[in-house]
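The values are calculated or read from the model by the stated rules, or taken from the named source; none is laboratory data. On a predicted model such as this, the values are computed, not experimentally measured, just so you know. Using ideal geometry, Cβ is built from the backbone for each residue, glycine included, and neighbour counts are taken over all protein chains shown. Only protein heavy atoms, including side chains, enter the accessible area calculation; ligands, DNA and RNA are left aside. Shrake-Rupley method; radii C 1.70, N 1.55, O 1.52, S 1.80 Å.
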Amino acid sequence: MLQKVCEVTRVTVLKRAENPGINRTPTFFYSSAREGMADLLAHAPEASRQQTGVLLPRYIGWSPLEGSGVFDPVRESGRPFDFYALREDLSVDIDDLAARLETGRFQFIVVIHYFGRTDTRIGQLRSLADRSGALLVEDLAHGFFTA
């Protein structure tokens, strides 16, 4: 349960405790990222009526066997959602993201670091999230050199 999430600015969610001693932020363990995302959306800090949505990248993985670990919990939460554009290399189109954030509708921004590559402009994404009051959720499931 993430009831204390509103007291922190960063939370790490891992599938298992590989090296619990390295984590400096509150860490919650789930059997899947899908389960962790569902819990986060269910126990999110209070937001304004307008700022409850989830902003996702336009490219989301899906399989007939498993569905989508990223999108299914968002859809099942009943929260409004929208998709921001990506550039040809699958990095975030910052101009499109900024324009969508200006609507004030989003409490969460989901950034997926595709194929293990961290978006090199993550600092800009963090700043946009902070300015809009949205929580930045990074999917680093395939991130290089991560726990």
Would a scan of segment 16-27 turn up a residue that is within 15 Å of the chain's Cα centre (by Cα), part of a loop (DSSP other than H, G, I, E, B), surrounded by fewer than 16 Cβ atoms within 10 Å (Cβ to Cβ) and at pLDDT below 90? no
Given (1) modelled with pLDDT of 85 or more; (2) among the aliphatic types (A, V, I, L, M); (3) open to solvent by 40 Å² or more (accessible area, probe 1.4 Å); (4) within 16 Å of Ala134 (Cα to Cα), number of the condition Val74 does not satisfy: (3)
All positions within segment 91-113 that are of a type in the set (Asp, Glu) and open to solvent by less than 40 Å² (accessible area, probe 1.4 Å): Asp96
Which ones in segment 114-143 are open to solvent by less than 50 Å² (accessible area, probe 1.4 Å), free of Cβ contacts under 8 Å to residues at least 24 places away in the same chain and not small (Gly, Ala, Ser)? Ile122
